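Below you'll find the structure, written out as C-alpha cells, and then a few comments.
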Amino acid sequence: MVSKSSLLLTVVAALAYTTQVHSQLVVSQFLVAHFDGSQGVVADFQFSSLQSGPGAQVDIDVKSGLNAQVAVYPKAGFEYHIHVNPVGPNHDCMATGGHLDPLNVGTTFKCTTKTPADKCQEGDLSGKHGNITATADGKSKKISYIDHQLQFSGATTTIVGRSVVIHNNGARMACADIVSPGSGDADKSSDGDNPSATAESAQKAQAQSNSAQGGRWIGREKATTALAVVATGVMGLLSAL
Ligand SMILES: *[C@@H]1O[C@H](CO)[C@@H](O)[C@H](O)[C@H]1NC(C)=O
Ligand SMILES: [Cu+2]
C-alpha cells in the first residue's frame with residue numbers, strides 16, 4: 001500500500017510540471033529592439049513567437065524621429081529591415097551587414113505587400129508589410145502584423161542576435177539590436193508613459209524565464225503525459241482516502 005503522503009507528493013510534482021509545460025506552450029520567445037533616440041529615433045520593436053510553426057507577431061511603436069521634414073521622400077516613408085549582424089560600436093549601422101536573407105533572394109527582386117511572402121528576404125519587413133509612414137510629429141500609429149518567415153532558431157534563419165535598421169531613402173538612419181527583454185540596450189527603454197507596461201513586463205519576465213529554460217517548444221505529448229500523471233495521482237489519492 002502506497003502512503004498517502006507519497007501520492008500527494010506525486011500530485012503536487014505533476015501539477016508543478018504541467019504548469020511549467022503549459023506556460024511554455026503559451027509564450028516561447030519574446031524579443032525586442034529598442035531605438036533609444038541616440039540616432040534621432042525613439043521606437044520599440046517587439047517580436048513574439050507564434051503558438052505553432054515559424055513566424056512572429058511584430059509590434060512596432062514609433063514614438064518620435066520619423067518626421068516628414070526628415071524624410072527624403074515624405075510620401076514613400078521609411079524602409080526598415082532585419083540585418084544579419086548586431087549594431088557596431090558607437091551605434092555603427094554599417095556594421096549590421098546586409099539583410100537577413102537565408103533564402104538568398106537578393107536585393108534586385110523587390111518584394112511588395114502582394115508578393116508571396118515565402119519568396120521574400122526574411123529580413124525585408126517593409127517590403128513585405130509596407131514602409132513606416134512619415135508624419136508631422138515623427139510619431140507613427142502602432143503597427144502590428146504577423147510575419148510567417150521570421151524564426152527564433154536556426155543558424156541562418158534566426159532573428160536572435162540580429163538588428164533592425166531604419167532607412168531614409170536607402171541611408172541607414174538608425175539601428176538597434178534584437179535582444180531578449182531586460183538584457184543590455186533593451187533596459188534603457190523608459191516604459192513610464194505606457195499604460196500596458198505592467199502586462200508587458202509580466203510577459204517579458206515570462207519570456208525570460210522561458211528562454212532561460214532553453215526557449216524551445218515542449219511537445220503536446222509531454223503536456224498530455226503530465227496531465228495523465230496528474231490524473232493518475234488524483235485517482236490514487238482518492239482511492240487511498
Ligand atoms: C518605401 O520607401 C522607399 C525609400 O523611401 C521607396 O523607394 C519605396 O518606394 C517605398 N515603398 C513603398 C511601397 O512606398
Ligand atoms: Cu536595411
Look at K114 and say whether it is within 15 Å of ligand 1 (Cβ to nearest atom), charged (D, E, K, R) and exposed (fewer than 13 other Cβ atoms within 10 Å of the Cβ). yes
Single unsatisfied condition, Y145 versus (1) within 16 Å of the chain's Cα centre (by Cα); (2) modelled with pLDDT under 95; (3) aromatic (F, W, Y): (2)
Pairs only if they're at least six apart or on different chains, beta carbon under 8 angstrom, first in segment 153-174 and more than 11 Å from ligand 2 (Cβ to nearest atom), second assigned to a loop (DSSP other than H, G, I, E, B) and of a type in the set (D, E); list them, first residue then second. T157/E122; I159/E122
Do we find a residue being on the phi < 0 side of the Ramachandran plot, surrounded by 15 or more Cβ atoms within 10 Å (Cβ to Cβ), assigned to a strand (DSSP E or B) and within 15 Å of ligand 2 (Cβ to nearest atom) anywhere in segment 82-92? yes
For the subset of segment 93-107 comprising residues that are touching a residue at least 24 places away in the same chain (Cβ under 8 Å) and surrounded by fewer than 18 Cβ atoms within 10 Å (Cβ to Cβ), which member is nearest to ligand 2 (Cβ to nearest atom)? M94
Within segment 99-138, tally of residues that are assigned to a loop (DSSP other than H, G, I, E, B), touching a Gly at 6+ places or on another chain (Cβ under 9 Å) and within 18 Å of K75 (Cβ to Cβ): 8
Within segment 67-81, considering residues that are part of a strand (DSSP E or B) and within 12 Å of ligand 1 (Cβ to nearest atom), the one farthest from L31 (Cα to Cα): F78
Quick one: count up the residues across segment 121-142 that are within 20 Å of N85 (Cβ to Cβ) and either at pLDDT below 95 or crowded, with 21+ Cβ neighbours inside 10 Å (or both). 6
Looking at the structure I just gave you, is G123 closer than 18 Å to A33 by Cβ and more than 12 Å from ligand 2 (Cβ to nearest atom)? no
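The values are calculated or read from the model by the stated rules, or taken from the named source; none is laboratory data. Since the model is a prediction, treat every value here as computed from it, not as a measurement. For neighbour counting, all protein chains shown are included, and Cβ atoms are generated from backbone atoms with ideal geometry for every residue, glycine included.
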